[in-house]
């Protein structure tokens, strides 16, 4: 039984981590912290947890939390995590950071997030927490950079083909559609119900901060520089990301052959499911789960991949717990199936 | 052709007034003002108006606006309108105020809105702009207190029975369900998509600030003090209010007889439609229109009334234009059908 | 480990039963049946179950199923269950019926469901599966009439006051709002997205078939005939029921005193939670859980109760599993928390 | 004043045509027909039309309708229109067909719609009713093949670049997202609220029947065979299509230069609006209007075009009325602005 804390417990990802941990056999939630007006029972803030998580949610104090946890999840905004992570690491605690702060090289970080990185000491040791690609490194990691939601859906949808060198690496288009929780829990007119409902928009077209993250990991997979075209869209639904990916085949492959490549690539990976020929995943197949479902359709030399995740599970909290499971020698699926 | 201005042009009610006026034959929109960061084309703020309303939306300056309008719509938050209305009135302009500032007696206002009324000079002359009850006074008014959305649906649903003294005046329950635009256009976590969607709640149960407004008007209709029970609910949809009203009959009346009372009461009123026996209105019957649709169901001595309006039309902007039409001798339905 | 089957596995309630049972430690799903075009893997019909429920869903054949189950859930339309239940009972199997077929006396059933009851032999032995009221009978039951969704929310919200004889028994108004899954999984224009979304309606006003069910149970609680006023509404959301209940106090009680009555009444009941004074439950507090959350507000002699459940959990599948847990000596909360 | 009839008046497109015509100064709706159980007032079927369209909706009888109309809108399913259109044409009436029946060459029609075309006599004379490309032919047409919703958004978004020969004609990807009314008004489990809400899916990937329609028209524009990649998606909203289009520039052009090409191409076209640099259209900008709003973003040699329409207006009924306006010498925008 390990002791776990969550900083940023009142954000969507933090809340979701706690929902998962409540049913996890190997952990005890000992500390919750968040930027709140007054410290009160977590179950007073979120009545859904009444009778389940009746501990006080406190204001952020990493040193205090560090005394009472073995591992901490940071569900914080970008630029804030890198202030807290070093404190927990200094105390010898395991850190799983759900922000973008430890995902990019410092120069790239500066370009996309607008400020100098504040924890260059720990940055090189951070492991990108995508278990399907970096399982061994995660197992030994002290600090996990938990992947972004868009990157998880995109990378898992593209990696097998790049790895097999079966597509044109200069022609990768990712058209992603996301539910609204992906934008975080905050007062924002652009996220208010009456603005989002019965609406739909593309935003930050080819300029979203998740693009360099996708490029970085795909470049590692391809062993050559990758630069995708990436358009995110905001969809009037709470949860889920569906990425429609357009690739150009460089080898003659039919749908079945490509499906075999994906099934082979993800063999033994408990949270990736490849759809049978003629079927494509949809959000309802994965919502509430930690699965990434991937569907394949070949049409001439065009390969269309549909990759679906729950942005709060495999795209955030679920993957974070999956990483914890690997780091702490729990079954990889504990609490998640 | 009269010249019209809108203060609060970027709120939901203000935007809706402008949408209606664009197709109104008797007016020209000459001035738009709102609390905005920078003055720019209204059609830049709301691209839906490109090619239709390409005038600059300015920051609030009532004296400047007064020089170029005959009538002004105030689509402002409560407590702000009463700062501006007197300025327009001083300039001899007609004012239609969509806030609650001129709807209540000053002592009641203070109780429910928490501050002393700041324009007691003009308050007594304000006319409650519910044309189905106060047509003659509206025709002569200089200042209209445009009714609230909940009150419009509730009062129109109850007034005929109180007027006919056919119900127990001490037993009036109004259970109202509203779309989210009713709460206004502002950054507010409680109104954000991910909080409202797939959710439903009662709020301010029997304590909503629209309750004294309903009580005041119904008391005038009944010629006795009325105190209703009122529960508003927030529904995950953009527009519309459906009020389910529970009354106790003091006379033996069947559904058909009650329908006749309503049809008689609203004879000649172009925006109230009474459903035929066995039918009840729903939001889709009135959304986008200025109608109030009312359905009737008698069961024993219980009378259940279902009253539906579009909260932004008959519940705000549409009714405001209806009032303007009456004040300015346009056809009552101009721009609205 | 008991063997469990589900007939009607492809309906919303059936699917939800299966979702719960997947994580239940005491059962093994051995048989699934439904009215389907072709027999195939359940996880082919619902890909969300891939890797979890990979058994074939067959066409209905109760005798065949009875050979391989200890207990069966019937997630079938009204009027169909009473054809199948006797077959399972004859085989000595426990039956939990989620339809209305075993909830009413035969004469009342005929009035509201339009046909003569076809299993009058087993009807008298059926136990109404509301554990908060009938725990002891459920423990010994062979056949459970699992309560309707509206009745669960209404009865749990009213029973404590009737039991304490603290309200006027002739004055009970239940205004219920339900998500769309409550109407079942079927092709129906009235349930199609474009008809329901951005819409809201009252339906079957005081004529819904759940009204006699509520009346029957409340009459047993009150030990006098009860006849409520009941209006259901269809809300554009997938899941959840919120019932706003209006009662007249016959004793002088404030909000706190009433809360105490409810807390006392539901003491030791794991799935009823009473909100603290000044707070009211909303759908998001209970969605996905088996809780019934109840909030209390006294205003003069009016008592307003807000009662929330997830219609597919406490309103159907969750309550069904809760009944199974009691019948089979599992922990009452197994699989449900 | 011309006399107009609508066959298929109870479908979403038919209903929308009628909503537009109610406010059109040049027409009188004289006949409504639809496949219905009983003939009744159109305003009984759709109460929103009470007081506005109080004529009887009859069962289909083209010969009877032809006696009392000058022009007819056919809002019928594919394969049905071609049975009725010839009858109206024989009577010398103008026909605007909203189905796909007159959009494709007979051999292509057979491949995609599965049956032999039944009106090869009139097919060659049908004019594709996209006024931005075929204005002159529409002016002289007797039979209009009103474009599909996806094709309208796609063709208007691509045509300027093909016409300017500024893109690689072999590399055109259209990723379209549509609201649910695009699928028509019918009982269908896949379109039911609980299946569509909180869900999202790609469907008929590169196999949708609108693909050959887009290819045909773009081939005419490009004067060479075009074969696009086309993925439609179903979005949980009622109305609107947003197409994200990926093109490869063959000339060095920046965003501003491409915007100029589009502005020039659509000069004088009242219903196409090109967004300023740095802005992109969203559904709320066009919903309820007949506009197609187009946004441009160049990134390296990739051109991303975002094209938005209301699927029931510019994508169906609005465009149909626009065609009528051109055919009948009304102002092109009459009834539509």
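Dividing the alpha-carbon radius of gyration of chain C by the rule-of-thumb value 2.2 N^0.38 Å gives 0.97. Between residue D:30 and residue D:116, the simple spin-label model (points 7 angstrom out along Cα→Cβ) gives 3.6 nm. The alpha carbon radius of gyration of the stretch B:179-240, expressed as a multiple of 2.2 N^0.38 Å, is 1.38.
Considering only chain B, the C-beta nearest to the rotation axis that sends B to C is found at B:175, 2, the distance in whole Å. Extension gain for residue C:168 to residue C:299 (0.36 nm times residue separation, less C-alpha to C-alpha distance): 45.6 nm. Taking only the alpha-carbon positions of the stretch B:150-310 and ignoring solvent, what does the Debye formula give for the base-10 log of I(q)/I(0) at q = 0.11, 0.17, 0.20 Å⁻¹? For the requested q values the scattering log ratios are -0.43, -0.99, -1.30.
Residue A:337 label point (Cα plus 7 Å toward Cβ) to equivalent points in the other copies: 2.6, 6.1, 6.5 nm, shortest first. Taking all Cα pairs closer than 8 Å and separated by 6 or more residues, the relative contact order of the stretch A:258-337 comes to 23 percent. A protection proxy built from the mean count of other Cβ atoms within 10 Å ranks the segments B:141-149, D:222-230, most packed first, as B:141-149, D:222-230. Under 1.5 on a/c is rounded, so check that first for the protein assembly as shown, then, if it is not, pick prolate when a/b is larger than b/c and oblate when it is not; a ≥ b ≥ c are the square roots of the alpha carbon gyration tensor eigenvalues. Here the protein assembly as shown falls in the rounded category. Along its first, second and third principal axes, ordered by size, the stretch A:41-193 spans 53, 41, 31 Å in Cα coordinates. With label points set 7 Å from Cα along Cα→Cβ, the inter-copy distances at residue D:268 are 5.3, 6.9, 8.7 nm, sorted shortest first. Within 10 Å of the Cβ of each residue in D:169-178, the mean number of Cβ atoms contributed by other protein chains is 3. As a rough footprinting exposure proxy, the listed residues D:266, D:128, A:135 were ranked by other beta carbons within 10 Å of their own, and the order from fewest upward is A:135, D:266, D:128. How are the alpha carbon pair distances in the stretch D:286-331 distributed across 5 Å bins from zero to the largest one, expressed in percent? Histogram of Cα-Cα distances, whole percents per bin: 6, 22, 18, 16, 15, 10, 8, 4, 2, 0. A helix-only calculation puts chain D at -8500 deg cm²/dmol for mean residue ellipticity at 222 nm, using -39500 (n - 2.57) for each DSSP H run of at least four residues, averaged over all residues. Centroid-to-centroid, using Cα positions, the stretch B:253-331 and the stretch D:16-61 are 21 Å apart. Sorted from closest to farthest, the other copies place their residue B:30 label points 4.5, 7.3, 8.6 nm away, with each point set 7 Å from Cα along Cα→Cβ. Annotation: the residues A:273, B:284, sorted from fewest to most other C-beta atoms within 10 Å of their own C-beta, follow the order B:284, A:273.
With a Förster radius of 25 Å applied to the C-beta separation of residue B:87 and residue B:22, the computed FRET efficiency comes to 0.45. Across the stretch C:2-125, Cα-Cα pairs farther apart than 19 Å form 46% of the total.
Ranking of B:37, A:119 by neighbouring Cβ atoms within 10 Å, starting from the fewest: B:37, A:119. When you restrict to C-alpha pairs under 8 Å that are six or more residues apart and normalise by the size of chain B, the relative contact order lands at 17 percent. With only the Cα atoms considered, the stretch B:135-197 has a convex hull volume of 137 Å³ per residue.
FYI, it's all coordinate maths here, none of it is from the lab. This is a predicted model, so every value here is computed, not measured. Positions of Cβ are generated from backbone atoms using ideal geometry, with glycine treated the same way; all protein chains shown enter the neighbour counts.
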